[in-house]
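Worksheet: the structure to be examined is printed underneath.
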Amino acid sequence: MMSVHRDVLCGSSAFFAEKLSDGDNGHGGSLVPCVEIHDCDGAEIYVETVGLMYCDEAKQKLLKQHVSRVLRIMKVAELLGFHACVKSCLDYLEAVPWVSEEEDSVVSSIRHLQSKSYGVSPLLKRVTSDSPYSPTDTLSHIMEMVLKSNDDRGHREMKALVLNLLKDSSRCTDGTSESVLNYFTSRVEVAWKDFSHSLWKHLKPVFLPKLHAK
């Protein structure tokens, strides 16, 4: 059990405002209202979220937390109708970097709020792409630009980037490595045809007169 101020809870949370309304003080008409939260998954997160109702700058408090912790706080805040906290959590998620292991949880939590007027579209754009091209097509396009580049510095920088991408793709099991190999094979075939054509173009004036002479 935790003791809190009724005006703080009602002013911050739609859930508590309903439970502690004048017509229903929350628990049997006692002088001291008492609200029970059933199916409470992680009491410490509820305590921390309620504590944020006393903070003027919840964003500053959240900056000290890890992404996984903020996602749990955001979930509780959304259940309690603590809209200011949900918005602060979204601002936090927009500002901080995520590791790949956290991305699925972040995206799932954001999409859960998509229909609730929290303005999550900018965050979703951070993890989704409007590009019609697949990652393999994009990688192939980058490599093609590197091969055609005439700028030495740009060529070196892009070469290093492509090498890192290739190292990453070599650890993938989704067919990316095979696609990259197929791309290189096709590029080698094209390069060989161009070379053969260019070579014949230069040797043709030399060999044809000799052939005709015979």
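Bear in mind that the values in this text are calculations on the coordinates, not laboratory data. All values reported here derive from a predicted model rather than from experimental measurement. FYI the Cβ positions are ideal-geometry reconstructions off the backbone, even for glycines, and counts take in every protein chain you see.
Below is a table of values for the structure above.
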read-out: Of Tyr92, Phe82, His112, farthest towards positive along the dipole that unit charges on Lys, Arg, Asp, Glu beta carbons give region 77-117; value: Phe82
read-out: Gain upon complete extension [Ser117, Val47; 0.36 nm per residue less C-alpha separation]; value: 22.6 nm
read-out: Segment Leu63-Lys87, extension gain: residue separation times 0.36 nm, minus the distance between their alpha carbons; value: 7.3 nm
read-out: Which listed pairs, of Lys61/Lys116; Lys19/Lys61; Lys61/Lys87, have C-alpha distances above 18 Å, in listed order; value: Lys61/Lys116; Lys19/Lys61
